């Protein structure tokens, strides 16, 4: 008796948060809604990090080149090459992800914001 009463209560409660769509009148088994793409989620944190890496890497490369050329006098000139190497290592990922973000924003085929790692919210 209790089980029957529980089933009746469960059937009486409806979920109003469910969104339904009307089925197609032709019977091919597909509806247009299943092929609709949602707007892309832009990973703002990852793009901000890419801009930061790009700028820091650019500054380190320029600073290292000026040190190597002798425009800026230093006491230990053997430390100029590591500045350039670190600048290149920081510059490359920033440039790569900025390029993907730019092409995705312009809508080029094959580029998407999904290619940029997102750090979550």
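Points to keep in mind about this one:
- Residue satisfying all of: in the range 35-76; out of contact with any helix residue (DSSP H, G or I) (no Cβ under 9 Å at 6 or more places or on another chain) and closer than 27 Å to residue 105 by Cβ; modelled with the lowest pLDDT among these: 35
- Count - residues of the range 98-112 that are outside any loop (DSSP other than H, G, I, E, B) and surrounded by fewer than 12 Cβ atoms within 10 Å (Cβ to Cβ): 1
- Some residue of the range 113-120 being at pLDDT 95 or above and surrounded by fewer than 13 Cβ atoms within 10 Å (Cβ to Cβ): no
- Residues satisfying the stated conditions in the range 67-95, i.e. closer than 26 Å to residue 49 by Cβ, surrounded by 14 or more Cβ atoms within 10 Å (Cβ to Cβ) and free of Cβ contacts under 8 Å to residues at least 24 places away in the same chain: 83
- Any hit, the range 10-31, residues being in a helix (DSSP H, G or I) and modelled with pLDDT of 75 or more: no
The values are calculated or read from the model by the stated rules, or taken from the named source; none is laboratory data. Keep in mind that this is a model prediction, so the values were computed, not measured. In this analysis, Cβ positions are derived from the backbone assuming ideal geometry, glycine residues included, and neighbour counts consider all displayed protein chains.
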